[in-house]
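Q: Just dropping this structure here.
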Amino acid sequence: MATNQQSHHQSTIIDFFDPAVEGPLPASQATLSKVVGWSDEKLEYVHNFIQWLFPLPESSAFSSSAETLTKADYDAFHSRPELQARLRDGLRRMCGFYGLDLLDLPNEEGMLVVKGKAFDRKAKYTWLCRNNHNHNRISRALSFALALFEADTKAIVNDTARAYWCRAALWPLEEAPDGKNRCTWLANVSDGATNDAMKTKLQQQSNGAGAT
């Protein structure tokens, strides 16, 4: 049974996820159970919960009251199944918000994110569009997953693939992501100035991607 009393032996982040505590958020006093029960509209327009749902080691530029993930928090998430279950509750709710389904794989092999039945209706309004704050939210969720489950994600996406993806987004079109080949004809027909400007913009966005 939830007590709504903060434990003196764990952080506010862990209290938020702990089903025996149901610690409320400092700003809104919303508990995790309330957050996962919010409508899609409320999830869209409330901005100070995502930093608690997916805490990171770095501070947030948009929520000064949000705590940062510590080593003690990391160890708690890894050692306590009840916290892992609550983490899945939050992740599953946000997946639903984006039109995705979070599936539990058999034999406790992990989780799988797939398109949900409402994908076409929800995705185009929440994240499959330009200049949307949900892109930063998704970046935060992915960073959180990497921070807590790095070994698992590396098994799916290795360091080389990650490097290729970053280069494909940041480098001029004529430069191959392997760093060894250059397409001369593409360099001649592409707008170098535009590529340089886009590269600078993407680098700036990348530097601030985790700040949500």
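The values are calculated or read from the model by the stated rules, or taken from the named source; none is laboratory data. Just so we're clear, the structure is a prediction, and the values are computed from it rather than from any experiment. Every residue, glycine among them, receives a Cβ derived from its backbone with ideal geometry; neighbour counts consider all protein chains shown.
Q: May I ask you to verify whether Q10 is of a type in the set (S, T, N, Q), touching a residue at least 40 places away in the same chain (Cβ under 8 Å) and within 15 Å of R137 (Cβ to Cβ)?
A: Here the answer is no, as Q10 does not meet what is asked.
Q: Taking L100, is it out of contact with any helix residue (DSSP H, G or I) (no Cβ under 8 Å at 6 or more places or on another chain) and more than 13 Å from F54 (Cβ to Cβ)?
A: Details: out of contact with any helix residue (DSSP H, G or I) (no Cβ under 8 Å at 6 or more places or on another chain): no; more than 13 Å from F54 (Cβ to Cβ): yes.
No: the conditions fail for L100.
Q: Consider K34 against the criteria (1) free of Cβ contacts under 8 Å to residues at least 60 places away in the same chain; (2) under 18 Å from the mean Cα position of the chain (by Cα); (3) within 18 Å of I13 (Cα to Cα); (4) in a helix (DSSP H, G or I): it satisfies all of them except one. Which criterion is unmet?
A: (2)
Q: Related question: State whether the residues of segment 130-152 include one that is modelled with pLDDT of 70 or more and loosely packed, with under 13 Cβ neighbours inside 10 Å.
A: Filtering segment 130-152 down to residues modelled with pLDDT of 70 or more leaves 130-148.
Now narrow it down to the ones that are loosely packed, with under 13 Cβ neighbours inside 10 Å: 130-131.
Looking through segment 130-152, at least one residue is modelled with pLDDT of 70 or more and loosely packed, with under 13 Cβ neighbours inside 10 Å.
Q: Next question. Assuming P55 fulfils every condition listed in (1) crowded, with 19+ Cβ neighbours inside 10 Å; (2) part of a loop (DSSP other than H, G, I, E, B); (3) free of Cβ contacts under 8 Å to residues at least 60 places away in the same chain apart from one, which condition is it?
A: That leaves (3) as the condition not met.
Q: Further question on the same structure: Scan segment 64-73 for residues that are of a type outside the set (D, E, K, R) and surrounded by fewer than 14 Cβ atoms within 10 Å (Cβ to Cβ) and jot them down.
A: Restricting attention to segment 64-73, the residues satisfying the condition of being of a type outside the set (D, E, K, R) are 64-66, 68-70, 72.
Scanning segment 64-73 gives S64, S65, A72.
Q: Right, here's the next one. Is it true that L103 is modelled with pLDDT of 95 or more, surrounded by 13 or more Cβ atoms within 10 Å (Cβ to Cβ), assigned by TED's automatic domain parsing to the domain that holds L148 and not in a loop (DSSP other than H, G, I, E, B)?
A: So L103 does not fit the description; no.
Q: Looking only at residues that are outside any strand (DSSP E or B) and aliphatic (A, V, I, L, M) in segment 109-129, which one is surrounded by the most Cβ atoms within 10 Å (Cβ to Cβ)?
A: In the first step, residues of segment 109-129 are kept if they are outside any strand (DSSP E or B); the result is 109-110, 116-129.
Retained after the next criterion (residues that are aliphatic (A, V, I, L, M)): 118, 123, 128.
Working: A118: 15, A123: 18, L128: 15.
That would be A123.
Q: Pick out the one residue from A27, A76, A61 that is at pLDDT below 90, at negative phi, out of contact with any Lys or Arg (no Cβ under 9 Å at 6 or more places or on another chain) and surrounded by 15 or more Cβ atoms within 10 Å (Cβ to Cβ). Let's see the steps before the verdict.
A: Values: A76 fails: at pLDDT below 90; A61 fails: surrounded by 15 or more Cβ atoms within 10 Å (Cβ to Cβ).
Answer to the check: A27.
Q: If you go through segment 166-189 one residue at a time, do you hit one that is at pLDDT below 65 and on the phi < 0 side of the Ramachandran plot?
A: yes
Q: Return the total of residues in segment 58-84 being part of a helix (DSSP H, G or I), in contact (Cβ under 8 Å) with a residue 24 or more places away in the chain and small (G, A, S).
A: Of the residues in that region, 2 qualify.
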